[in-house]
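A.B. asks: Have a look at the structure that comes next, please.
The values are calculated or read from the model by the stated rules, or taken from the named source; none is laboratory data. This structure is a prediction, so every number in the text was calculated from the model and none was measured. Glycine also receives a Cβ, built like all others from the backbone with ideal geometry; neighbour counts cover every protein chain displayed.
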């Protein structure tokens, strides 16, 4: 029965690992301000704009997003208090008019309250689409007309003019200096999509070296801007991340790919960022002048072109791995609905309605509903692909745009199906980690959990709600299972996390994602990091004991070996003579296992002068041992179902009780009314004993040996044993036995036990 309980525990853990979303994952949306696509609405007052943004952020938090890319400079204007550029017309309807508050400062504060990073989305070159937009005074057109290039009816700042680069560095430095942004991100606008003819002939005549290929020169102009921006950030505030979301098709040649040391992807027929936009994302990765890249892979999985999602994403993931930078795929929501015919059942399943209900919708309603339903299918596929192709431990998903993210119902879909747990943003391992503060004074007052930490505004905190039995196990913090919140504040509402038998644990996180060890709120105070001394936690019947670091593990193991062997020999010397003396030498009464306990020993007690009293006392003690063991084992299984499947204690307890009742009933009746029913010639109790002791126990032993020798490694075991300066004298013996001897003998025991049960051999 003990081993069956272990089986259910194992199944629960496997299920939990399968169901969990990754602990490290970038989840964001593009929040567009240009043309008032997402936010703000110029017809709203400042208070209405604030309320609208809070509603958006609340929705993103509910969907367990952890970042937002807010467009703060759409057309050489500003959604912040800029020292160089006018207020954006998308705030008030008129360029240059103060909206009465600072949108960027407000957005940062509200995003951080909800545990989300805010990256300031910049359009570096895009100017206004009309001359003298709304009659506003334009200092650039007035003072530096040579900076502007006209394409069709639009204007951009000339990437080939060195003064433009200097100006843009100043503009972005202004943001980095004045605001606590977590990142700066550019999008896909470099040289125009309409194509360049000879609009930049003047800057070519002044700045292009003689004999330099025009395409190479234009790419170098963009590359220099990126390099200068990155250098400025490292000098000014290196904790700010820098990324770019370029057009999804790189489009460089095979020779260029070879020079970069990457696989060539033939995307002929599609727009080339390399040769048409002069945007070389691979060059930025190779030069290490960006921290992440988020190519706009806006072609869905069912796209049959060579640049479909199934082709682009694995290629970009390999490139990012080669260059040691992060890849977060940008996904376009409007392209997610599949154009191919869908089975009605699939659509109805997504909509959660009957066929009659679906038929009752208008044609317009039906189209919208079906489109949204199909969109979730494509969304799920793209998220799964991003995760499966990730090679850096840093999967990422950035949805365009925020309005469609909600209107298509993807916020609900990802929360229920893909982002089932919160996630920390991935660690940028190439950055030098920041000093992380100690966390002190953790306390709970009413529904508020609060703590103290001597840290600046760049440090955030992760809050875990952990079963006390595993609170000191580092593995408990390696998944998202117990992660509940990320916040820049030093207090949160924990009214939703009040389950008995759990403790609060808090970690500090630097801007690059590096995380401290947990500080655990214990009944006696705050425990710094993973426990250093003997601590016993009790909760709901579960006990977890952490061993002191200065304990001599090898010596303690020797003591266990001596006492365990001695007690076993003593028991044998007492039981075996008694059994032989009172059994009459009948071989049938000398069986091991259940027969020894329930047939032979009762005969022994019956032959004793005080046998009745001794027998009653013996079986009462056996009952108490069984009950305490059952409680302990049941608690393990119940806790696993609670932790991994998020069941209530009542549901998990009832589920395990039913299983134990069913199996226990079969065991009880196996020597009674069901005595005639056998499994491979065994009554139920004997069969369960065989299954647990002769099958599951050797399998568990083999698995343990493989885990220690192949996964954990002997080196880590040695580190633990020698912690505190203690010797590991039996290292060679341990290594030989755990790697070779123990698995071989456990396998022999398993095979021989099974063979004996089926009558293939006789033991």
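A.B. asks: For residue 273, indicate whether it is assigned to a helix (DSSP H, G or I) and more than 28 Å from the chain's Cα centre (by Cα).
C.D. replies: no
A.B. asks: Filter the range 142-163 for residues that are assigned to a helix (DSSP H, G or I) and either free of Cβ contacts under 8 Å to residues at least 24 places away in the same chain or not assigned by TED's automatic domain parsing to the domain that holds residue 219 (or both); which is surrounded by the most Cβ atoms within 10 Å (Cβ to Cβ)?
C.D. replies: Taking the range 142-163 and keeping what is assigned to a helix (DSSP H, G or I), we get 142-143, 145-147, 162-163.
Then keep just the ones that are either free of Cβ contacts under 8 Å to residues at least 24 places away in the same chain or not assigned by TED's automatic domain parsing to the domain that holds residue 219 (or both); that gives 142-143, 145, 147, 163.
Numbers: 142: 8, 143: 9, 145: 9, 147: 19, 163: 12.
Here the answer is 147.
A.B. asks: Among the residues of the range 652-690, which ones are under 37 Å from the mean Cα position of the chain (by Cα) and modelled with pLDDT of 80 or more?
C.D. replies: Within the range 652-690, 653, 654, 655, 656, 657, 658, 659, 660 qualify.
A.B. asks: Within the range 87-94, can one find any residue that is touching a residue at least 12 places away in the same chain (Cβ under 8 Å) and touching a strand residue (DSSP E or B) at 6+ places or on another chain (Cβ under 7 Å)?
C.D. replies: Within the range 87-94 (the criterion being touching a residue at least 12 places away in the same chain (Cβ under 8 Å) and touching a strand residue (DSSP E or B) at 6+ places or on another chain (Cβ under 7 Å)), the answer is yes, since at least one residue qualifies.
A.B. asks: Surrounded by fewer than 18 Cβ atoms within 10 Å (Cβ to Cβ), in contact with a helix residue (DSSP H, G or I) (Cβ under 9 Å, 6 or more places away or on another chain), free of Cβ contacts under 8 Å to residues at least 24 places away in the same chain and in a loop (DSSP other than H, G, I, E, B), is that true of residue 197?
C.D. replies: no
A.B. asks: Still on this structure, I have one more. Of these, 567, 610, 616, which one is modelled with pLDDT of 70 or more, farther than 30 Å from residue 481 by Cβ and loosely packed, with under 10 Cβ neighbours inside 10 Å?
C.D. replies: Of 567, 610, 616, the one residue that is modelled with pLDDT of 70 or more, farther than 30 Å from residue 481 by Cβ and loosely packed, with under 10 Cβ neighbours inside 10 Å is 610.
A.B. asks: Is it the case that residue 626 is at pLDDT 75 or above, more than 30 Å from residue 753 (Cα to Cα), in a helix (DSSP H, G or I) and not assigned by TED's automatic domain parsing to the domain that holds residue 466?
C.D. replies: So residue 626 fails the test.
A.B. asks: Return the total of residues in the range 89-110 being assigned to a loop (DSSP other than H, G, I, E, B), crowded, with 17+ Cβ neighbours inside 10 Å and at pLDDT below 95.
C.D. replies: Going through the range 89-110 one residue at a time, the tally reaches 2.
A.B. asks: Quick one: would you say residue 60 is more than 21 Å from residue 179 (Cα to Cα), assigned by TED's automatic domain parsing to the domain that holds residue 30 and outside any loop (DSSP other than H, G, I, E, B)?
C.D. replies: Values: more than 21 Å from residue 179 (Cα to Cα): yes; assigned by TED's automatic domain parsing to the domain that holds residue 30: yes; outside any loop (DSSP other than H, G, I, E, B): yes.
Judged against the criteria, residue 60 is a match.
A.B. asks: Which helices (runs of 4 or more DSSP H) does the range 284-364 wholly contain that include 2 or more residues that are over 30 Å from residue 221 (Cα atoms) and modelled with pLDDT under 80? Show your work before the answer.
C.D. replies: Values: elements: 309-323, 344-351, 355-359.
Those helices (runs of 4 or more DSSP H) span 344-351, 355-359.
A.B. asks: What single numbered condition from (1) closer than 24 Å to residue 683 by Cβ; (2) modelled with pLDDT under 70; (3) in a helix (DSSP H, G or I) fails to hold for residue 592?
C.D. replies: (3)
A.B. asks: Sticking with this one: Identify all residues within the range 172-189 that are assigned to a loop (DSSP other than H, G, I, E, B) and over 20 Å from residue 113 (Cα atoms); write none if there are none.
C.D. replies: 187, 188, 189
A.B. asks: Further, regarding this structure: Does the range 442-452 contain any residue that is touching a residue at least 40 places away in the same chain (Cβ under 8 Å), assigned to a loop (DSSP other than H, G, I, E, B) and surrounded by fewer than 14 Cβ atoms within 10 Å (Cβ to Cβ)?
C.D. replies: Yes - at least one qualifying residue is present in the range 442-452.
A.B. asks: Among what's in the range 500-539 and is within 25 Å of the chain's Cα centre (by Cα) and within 20 Å of residue 635 (Cβ to Cβ), pick the residue that is modelled with the lowest pLDDT.
C.D. replies: The qualifying residue modelled with the lowest pLDDT is 501.
A.B. asks: Let me ask you something else. So which residues in the range 393-420 are outside any helix (DSSP H, G or I) and either without any contact (Cβ under 8 Å) to a residue 12 or more places away in the chain or more than 21 Å from residue 293 (Cα to Cα) (or both)?
C.D. replies: As a first pass, look at the range 393-420 and keep what is outside any helix (DSSP H, G or I): 393-401, 408-409, 418-420.
The answer is 408, 409, 418, 419, 420.
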